[in-house]
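Asks: Would you mind keeping the following structure in view while I ask a few things?
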Amino acid sequence: MNRKFGRVIWAGLVATAAMTTLMLVSPMMGMPKMAIGEMLASFMNIPVALGWVAHFMIGTILGFVYAFLFAERLPGSSATRGALYGLIPWLLAQMMVNPMMGAGFFAINTPAPLMMVMGSLMGHLVYGVVLGGIYGKGGRVTASVPVSGIA
């Protein structure tokens, strides 16, 4: 397997696990329950275990999107690029996924919309930072040009 593909898969899985861990322990910090696998299972009418598999597959696919479309284009360190990227799936979740799952635009149909939105933001930022940190520069190649013009 190509090293880049392996690195993307690993980064996507670990980043998804980090995000998932945060979201599963968030009720202990006063945040609403955000069991993404259960929500996906309910939405897709599949067993809960497959909902969690779907969640990790989505996280890995989003890792590929980051690696091939954003890693070399975003500014900053690996973690900063990842955090910036994390804002994209967060916005998509708020504007597309939440309404499809009945939570409404920016979770307006939930008992605590602001807490849901902020919890989701924290989770997606953690996802992005871990993704960017593990994936690194994504194979970025930089050319150095001597100041004097003489090699």
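Read-outs throughout are calculated quantities, based only on the coordinates presented, and are distinct from any laboratory measurement. From a predicted model like this one, the values you see are computed outputs, not experimental measurements. Don't worry about glycine lacking a Cβ; one is built from the backbone with ideal geometry, like all the others, and counts go over all protein chains shown.
Asks: Using the reciprocal of the averaged 1/r over all distinct C-alpha pairs, how large is the Kirkwood radius of the range 1-70 in Å?
Replies: Details: mean 1/r = 0.0774 Å⁻¹.
Computed over Cα pairs of the range 1-70, the Kirkwood hydrodynamic radius comes out at 12.9 Å.
Asks: Here's another thing I want to ask about it. Residues in the range 82-96, backbone N under 18 Å from the label point at Phe43 (7 Å along the Cα-to-beta-carbon vector): list them, ranges by number please.
Replies: 86-96
Asks: So if I place +1 on the C-beta of Lys and Arg and -1 on the C-beta of Asp and Glu, and nothing else carries charge, what would the dipole magnitude of the chain be about its Cα centre? I want it in debye, nearest 20. The partial results should precede the final answer.
Replies: Working: 8 positive and 2 negative charges, 93 e Å.
Rounded to the nearest 20 debye, it is 440 debye.
Asks: Further question: Hey, can you list the DSSP H helices of the chain whose Cα span along the axis is 30 Å or longer and whose average Kyte-Doolittle score is at least 0.0?
Replies: Working: long enough: 3-25 (33 Å, 1.11); 113-135 (32 Å, 1.47).
Result, helices passing both filters: 3-25, 113-135.
Asks: What ranking of Val130, Val97, Val48, Val25 emerges when the number of other C-beta atoms within 10 Å of each C-beta is taken as an exposure proxy, fewest first?
Replies: Details: Val130 22, Val97 17, Val48 14, Val25 10.
Fewest to most other Cβ atoms nearby, the residues stand as Val25, Val48, Val97, Val130.
Asks: Further, regarding this structure: Given Leu91, Phe43, Pro75, which one lies farthest toward the positive end of the charge dipole of the chain, if we put +1 on the Cβ of every Lys and Arg and -1 on the Cβ of every Asp and Glu?
Replies: The residue sitting farthest along the positive end of the dipole is Pro75.
Asks: Rounded to the nearest 500, what is the 222 nm mean residue ellipticity of the chain from helices alone, with -39500 (n - 2.57) per DSSP H run of 4+ residues and division by all residues?
Replies: Values: 5 runs with 88 residues, N = 151.
It comes out at -19500 deg cm²/dmol, rounded to the nearest 500.
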